1. Separation of region 239-292 and region 154-182 by C-alpha centroid, Å?
2. Give, in nm to one decimal, the length gained when the segment between Ala260 and Asp141 is fully stretched (0.36 nm per residue of separation minus the Cα-Cα distance).
3. With r as the distance between the Cβ atoms of Arg43 and Leu377 and R0 = 41 Å, compute the FRET efficiency 1/(1 + (r/R0)^6) and round to 0.05.
4. Pick from Gly191, Gly161, Gly341 the residue whose mean-square fluctuation is largest in a GNM of the chain, springs joining Cα atoms under 10 Å.
5. Using a Cα distance threshold of under 28 Å, what count of lysine pairs results for the chain when pairs must be 8 or more residues apart or interchain?
6. Subtracting the Cα-Cα distance from 0.36 nm times the residue separation, let me have the gained length for Asp69 to Phe318 in nm, one decimal.
7. In a GNM of the chain with a 10 Å cut-off on Cα contacts, which of His70, His288, His137 has the highest mean-square fluctuation?
8. For helix 236-261, what angle does its Cα long axis make with the longest principal axis of the chain, in degrees from 0 to 90 and rounded to 10?
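The values are calculated or read from the model by the stated rules, or taken from the named source; none is laboratory data. All figures in this text were calculated on a predicted structure; none of them were measured in a lab. When we count neighbours, we look across all protein chains shown, and the Cβ atoms used for this are built from the backbone with ideal geometry, even at glycine. Side chains are part of the model used for accessible areas, which takes the heavy atoms of the whole protein and leaves out ligands, DNA and RNA. Shrake-Rupley method; radii C 1.70, N 1.55, O 1.52, S 1.80 Å.
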Amino acid sequence: MNAPDAPHPENGTFRDPAAHGGEDPRRGLLDPVPDADDAALFRRLVDDTITPERLEALARPVQPRHGVDHVLAIHWHPQHVPLDIARRRLAALFPDARDLLVIPTEHNVLHVWGDHAGVEADCRDLRLGLKVQLLLHFRADRVREAHTLRAMLDHTALYRGIQLRALLETAARPDEAGHRHRVERAVRATGSGPEVLATAAACAAKLLCLLDAERDAPPADERRSTLLRDFVEARRPQLGPVLTPQVHAYTKALRDRVKAEFPLDFFHDAHAFMEEARGLGGLVTIPHPEQFWPILLAGYDVDAIEVWNPQSRRHTNFLISVVNEANAKHPSAKPTLVTMGDDTHFGEMLRLPDGPEQARLAREIGVQPLWEDPVTLKELERAGMTRERVIDAFRQRLGG
């Protein structure tokens, strides 16, 4: 199953898809050397260009939310979509809004939106043995010269490219000693057979060859970290409706193993990010509480805890009550706020609606329905944490 070393495509070693003639359409996919069709698909997948027509469509939401006068959007990801398109979509989505607090939080990339800036920082807690994430929000003028923070984020952003390379190498060469344990666990978790492994190996080998042919370093941004998934999905017509999801399940299990084994010491410590943020007058929020339960008990000095987002939605009312009780025990201290995050990945809206991550397409910047849920609203009122009050508190703590 080992893929042979593939010469660079630029040296004329693409396989001619016409050579496969009327044979099994999957035959070309099982060849580890990329052909011209593979190269064209690769270029599409890594191309940041969005046509004017797609941008115009993206600026228009399908269903405007009338009657919403306060909008809180402090956990969302622009990805490769221009911020002015997000502004237009947001204005059309909430036509009646009179007060909006909007701060983008791309993974490890600081973005400015009006008077504010934000980022979602990947970091570590060695005491807990966890990779965690923190939302950092700032006043824009405080981070213009934030060289240390930006250097920390630039280093952290490299990890996605490193994980992508590890995933592709594991999938492409499953029999190598250093990869076998990951493959065995992924096979046990998914029940994958030889056809699935062979297909994943060929697709991964093609992508390694195409990445190596690039003049620059392999891409590291979040969208391209899903390169193998997107490559497989684009080949659904050849792979068919049965094999495609099987390959997705297997490669996702492999990716989970790569992520789980990634060395924690690559990341900066969470407290280092918090100290840097505090020095810049920033606020710190814990997102995804269901993924990071231990850090809720670790005594972090944070401004807010996210009690709901589309990935963390089962314990919202309980989390609100916990924050309320903690604040009541220390009435003289600065209260911990509760927030909600839509966790919109804006670039995902450009994907096909029947793709493997279709649930993300339904997310919208600023849409967090539990602010209006009657039961949750009672808990929020009891905690003094309505959306309007949280917006005011964030602005006050950020200094305007």
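1. 15
2. Extending this stretch completely gives an extra 39.1 nm.
3. Calculated transfer efficiency: 0.25.
4. Answer for the Gaussian network model of the chain: Gly191.
5. Taking the Cα cut-off of 28 Å, the pair count is 7.
6. Full extension of this stretch gives 87.0 nm more.
7. Comparing His70, His288, His137 in a Gaussian network model of the chain, the most mobile one is His70.
8. 60
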